[in-house]
Amino acid sequence: TFVLYFGDPADESAVKDNFSTAYQLLEEMVDHGWPLTTEPNALTDLIRPPTVMAKIQQAISGGSSSILSEALPTGTVSNMPWRKAGVTHPNNEIYIDIVEEIDAIVSPSGGVISSDVSGVINAQSSLSGVPDLLLTFNDPTLIDDCSFHPCVRYTRFEKDSVVSFVPPDGAFELMRYRVRMNDNNNSNLAVTSMPIQVVPRVSYGQFFGGSGGGGGGGGRNNPSS
């Protein structure tokens, strides 16, 4: 959320320069230690992202009223608080990025000793109205240990193994998952072969050293990789 408001990187200096906005964000996101409003679309309706004009108005007025919205976010009065009402786009499109990471231990011969695969599905939505989308997998039995965005209908996933959702507007993380271990071969393996192969190679060369005072130098083998 801070990256959305302050840009990347949202470091200490960015928080100091936009302290009033950061304070208001924390006020809306956390209520007595409990998460309250965490959806970016709802937050941007409540608290305006910082601009040059807003900072000037804030410096003149000496308060934070310039960054607060007087209108109630449209999503708070519906059953979809993550999506604004009346969203329109000239081009209706959505982009899906699937990023997977492989953690593995490989033997010197190239065999996989243990492996684990985790993935994340990111989306960039530019769809008008209230789109109802469905994401299916070729083999849903491989998907395990899932966590979803609140827009996903979890009961539908439990029943049919499909991801049914009404997406937020803009960029969001749809889900995270892990690949189920391969029960047919080895319980420690999520993948039995690596997409790349790393082969160690060791070579030996000559190292010539000398000593001061006009002494002679000798040679010895020095392994290098």
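Considering each residue of region 134-141 in turn, none proves to be open to solvent by 80 Å² or more (accessible area, probe 1.4 Å), of a type in the set (A, V, I, L, M) and at pLDDT below 90.
I need the full set of residues from region 109-133 which are of a type in the set (A, V, I, L, M), part of a strand (DSSP E or B) and within 23 Å of residue 95 (Cα to Cα), in order please.
117, 120, 121, 123, 133
Would you confirm whether any residue within region 44-64 is modelled with pLDDT of 80 or more, small (Gly, Ala, Ser) and open to solvent by 60 Å² or more (accessible area, probe 1.4 Å)? Among the residues of region 44-64, not one is modelled with pLDDT of 80 or more, small (Gly, Ala, Ser) and open to solvent by 60 Å² or more (accessible area, probe 1.4 Å), which makes the answer no. In region 83-104, the residue that is surrounded by the most Cβ atoms within 10 Å (Cβ to Cβ) out of those that are within 24 Å of residue 193 (Cβ to Cβ) and among the hydrophobic types (A, V, I, L, M, F, W, C) is 102. Is there a residue in region 86-95 that is hydrophobic (A, V, I, L, M, F, W, C) and modelled with pLDDT of 80 or more? Yes, there is a match, as at least one residue in region 86-95 is hydrophobic (A, V, I, L, M, F, W, C) and modelled with pLDDT of 80 or more. Against the condition under 30 Å from residue 119 (Cα atoms), modelled with pLDDT of 75 or more and among the charged types (D, E, K, R), how does residue 178 come out, does it pass? Against the criterion (under 30 Å from residue 119 (Cα atoms), modelled with pLDDT of 75 or more and among the charged types (D, E, K, R)), residue 178 qualifies.
The values are calculated or read from the model by the stated rules, or taken from the named source; none is laboratory data. Being a predicted model, the structure only gives us computed values, none of them experimental. FYI the Cβ positions are ideal-geometry reconstructions off the backbone, even for glycines, and counts take in every protein chain you see. The protein model used for the area step is the full one, side chains on, heavy atoms only, and it has no ligands, DNA or RNA in it. Shrake-Rupley method; radii C 1.70, N 1.55, O 1.52, S 1.80 Å.
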